[in-house]
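The values are calculated or read from the model by the stated rules, or taken from the named source; none is laboratory data. It should be emphasised that the depicted structure is a prediction, and the values quoted were computed from it without experimental measurement. Glycine gets a Cβ as well: all are built from the backbone with ideal geometry, and neighbour counts include every protein chain shown.
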Amino acid sequence: MPQEAIFPILPEWRPGTLDIHHIDTGCGNATLIVGPDETTILIDCGTSKNSSVGQSSRRPGELVAQYALRNSTSTTLDYLIATHVHPDHVGDVHSDRTAMHSGFQMTGLSDVDYQMPARLVIDRAYPNYGLRPPLAAPFTDNYLAWLDARRQEGREVASIDVGSKSQIRLRSPEDYPTFSIRTLAANGLVWTGKGQESRSLFPDLSTLPPEALPEENKCSIAFLLSYGLFRYYTGGDLTCDTYDGRYPWMDVETPVAEAAGKVNVAVANHHGYFDACGPGFVALLDAATYIIPSWHVTHPGMAQLQRMLGAWPGVTRRNVFATRMLPENCLLNNRFTSEMCSQQGHVVVRVALGGGSYKIFVFDSSNEQDYVTAEFGPYLCG
């Protein structure tokens, strides 16, 4: 049950604490991780034109960068990660022609990189996407131009290494040996559970007709973060839709959830959209808490919300938070919204020193004051 907030703002971060901020931008995903040694990681920063939310006087990338600067002690990022190349995760092109820089428009991730320079950018496959190239679109061209410019400037860009838990590391890993981030999946590969080995979930793509090729969402990067007994899952826009059984291998999220195993907190795949967060996903992760990065009228689907809540007679309810559910979606999901913990605001998971317990704070996202509107927990891990 929620408690009245004791502090108007989040209590100060202290060494050994892990913070995971799910930022409500109203137009895409953005997750800031502040590790126990102050390592800073930003996963995605979207600026979708399809957002139903009015525009701010500042670009979403600027807002996310300012949020990160307020909620960490660093002026730079250690890692900037794009789970996949869609505008609500990397940034769309827009009409502000003043935001040009080195042959690309600053938007989403590139905007954050300008405001808060990243030591390393990680993409799912750049520069060699093979038979799984991103969608040909202006936002893709702009995103790739930014990555090209980084390389030309001698700034590092890497492709993800599926199965690895050393590619993304703390600044001081020896101080927190129980902390790790394992790459579970990307590009149709999934960790086998053995060492750093991975296996393919896709058939031979060269044998498939164009309409059967896996689209961008199914190539998303998924991670398992561990700290002591605490375990956290996030998987971009992975989906489970098989086109009514026509292509069974298109259910990517279920084998990825199986590789992850039980977690404490999970981010809903694909914003809780109708083609994701299937029965296998929820059953295998068995999370006590689900966070939905919502911003569109379709986020989340009714069956997906019911499933994450466990909203059936005799079932113990789970904690479900959404960053921004639009009024139309709340109306659609009216029978379930009263059982949610929150429907709008930044959702911050704070894991205690050593990873034995966690709390969840909800911030007011209507301004940049980061006021705490609700506090939940503590919840024991394990």
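Tabulated values for the structure
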| read-out | value |
| --- | --- |
| Filter pass, C341 being within 21 Å of L18 (Cα to Cα) and either touching an Asp or Glu at 6+ places or on another chain (Cβ under 9 Å) or crowded, with 17+ Cβ neighbours inside 10 Å (or both) | no |
| Residue count for region 293-322, restricted to those that are of a type in the set (F, W, Y) and either within 18 Å of the chain's Cα centre (by Cα) or more than 16 Å from P279 (Cβ to Cβ) (or both) | 2 |
| Selection within region 168-193 - part of a strand (DSSP E or B), under 13 Å from G35 (Cα atoms) and not aromatic (F, W, Y) | S180, I181 |
| Unmet criterion (only one of (1) out of contact with any Gly (no Cβ under 8 Å at 6 or more places or on another chain); (2) small (G, A, S); (3) surrounded by fewer than 13 Cβ atoms within 10 Å (Cβ to Cβ); (4) modelled with pLDDT of 95 or more) for S206 | (4) |
| Flag if D286 is of a type in the set (D, E) and under 28 Å from P134 (Cβ atoms) | no |
| From the options E368, E339, residue that is assigned to a loop (DSSP other than H, G, I, E, B), closer than 19 Å to P11 by Cβ and either charged (D, E, K, R) or at pLDDT below 95 (or both) | E368 |
| Top-ranked residue in region 158-184 [being β-branched (V, I, T) and crowded, with 17+ Cβ neighbours inside 10 Å; ranked as nearest to E197 (Cα to Cα)] | V162 |
| First in region 107-118 and closer than 12 Å to W146 by Cα, second anywhere and among the polar types (S, T, N, Q) and surrounded by 24 or more Cβ atoms within 10 Å (Cβ to Cβ), Cβ under 6 Å, 6 or more apart | T107/T47; G108/T47 |
| Hits in region 307-329 - residues which are in a loop (DSSP other than H, G, I, E, B), polar (S, T, N, Q) and in contact (Cβ under 8 Å) with a residue 12 or more places away in the chain | T323 |
| Test: residue in region 135-155 that is under 18 Å from N29 (Cα atoms), crowded, with 21+ Cβ neighbours inside 10 Å and under 17 Å from the mean Cα position of the chain (by Cα) | no |
| Filtered residues of region 194-207 (kept if touching a residue at least 40 places away in the same chain (Cβ under 8 Å) and assigned to a loop (DSSP other than H, G, I, E, B)) | L201, F202, P203 |
| Residue match in region 91-103 (condition: of a type outside the set (A, V, I, L, M) and within 21 Å of the chain's Cα centre (by Cα)) | yes |
| Options V297, V252, V265, V282; residue that is touching a residue at least 40 places away in the same chain (Cβ under 8 Å), surrounded by fewer than 24 Cβ atoms within 10 Å (Cβ to Cβ) and not small (G, A, S) | V297 |
| Tally of residues being in a helix (DSSP H, G or I), in contact with a strand residue (DSSP E or B) (Cβ under 9 Å, 6 or more places away or on another chain) and not small (G, A, S) across region 269-306 | 7 |
| Selection status of T242, in a loop (DSSP other than H, G, I, E, B) and hydroxyl-bearing (S, T, Y) | yes |
